[in-house]
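To keep things clear, I will list the structure first and then write my remarks on it.
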Amino acid sequence: MPNVETGDETFRRRSVWLLDIVSGAVRRVSPATLNVWEACWSGNDAIAAVATPGSTEEDWYRAIVVRFDLQDGAPQTLFEPKDQLGWLSGAPDGKRVAVVEAVCSDRGVCAGDLRVIEMNGGTVRRIACGFDVTYTEWRSDRSLLLAGHRGHHRGPAAFGPAPGGLRGPAHGHQPGLRGGHVRGRAAGPLELGG
């Protein structure tokens with residue numbers, strides 16, 4: 001009788017491993033029940049991940065954002081999107097995670113809406129950027145650098161400080177991606193209050 005492999009076997013799941021550079025010890029830190037598509041630090045003691053229970057390419061289209069502690073590995077669901085996810089990044093202090101949600105044809109090709117997930121309370125905010133976000137990177141605990149597309153134009157997004165909350169580009173300019181640069185004064189990345 002032939003042995004039929006369905007693709008759901010646990011050995012097929014991608015996982016996150018931690019290397020102790022002093023001792024050389026390596027250990028798996030992601031739950032064995034999850035397949036990790038993307039992962040990033042969420043503070044010093046946890047990992048945020050785009051993950052699914054299954055490991056096939058088809059499963060990626062139903063991925064969610066989870067966070068798991070490095071000690072016990074217990075996953076906490078942070079966000080269950082309507083569409084697909086990409087460009088996950090975590091703030092250094094572990095208080096926020098950014099991710100892009102969009103209708104995607106393929107993994108790794110994600111251009112869409114910015115979501116910021118607050119770890120304290122689990123609030124998921126859609127941030128109106130005026131363009132399709134294609135990259136997120138936290139520059140500090142409150143500062144988020146973005147890149148994106150609007151039509152055939154692409155470039156970085158420059159945002160100014162925001163005492164008490166989110167604020168668009170500094171000096172009232174709207175983010176305008178033209179010819180590979182930001183229209184108006186480059187004022188710095190998106191700043192998150194508190």
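The values are calculated or read from the model by the stated rules, or taken from the named source; none is laboratory data. Given the structure is predicted, the values throughout are model-derived calculations rather than measurements. So basically every Cβ, Gly included, is an ideal-geometry build from the backbone, and we count neighbours across all protein chains shown. All accessible areas refer to the heavy atoms of the entire protein, side chains included, with ligands and DNA or RNA removed. Shrake-Rupley method; radii C 1.70, N 1.55, O 1.52, S 1.80 Å.
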Practice item. Leaving ligands, DNA and RNA out of it, rank 126, 28, 67 by accessible area with a 1.4 Å probe, largest first. Key: 126, 28, 67
Check your understanding: Of the listed peptides 106-114, 33-41, what is their order by residue-averaged count of other C-beta atoms within 10 Å, with the highest listed first?
Key -> 33-41, 106-114
Exercise for review: Mind jotting down the three principal axis lengths of the stretch 65-148 based on Cα atoms? Whole angstrom, largest first.
Suggested key: 36, 26, 20
Check your understanding: Hey, with R₀ at 22 Å, roughly what FRET efficiency would residue 20 and residue 44 work out to, going by the Cβ-Cβ distance, to 0.05?
Key -> 0.95
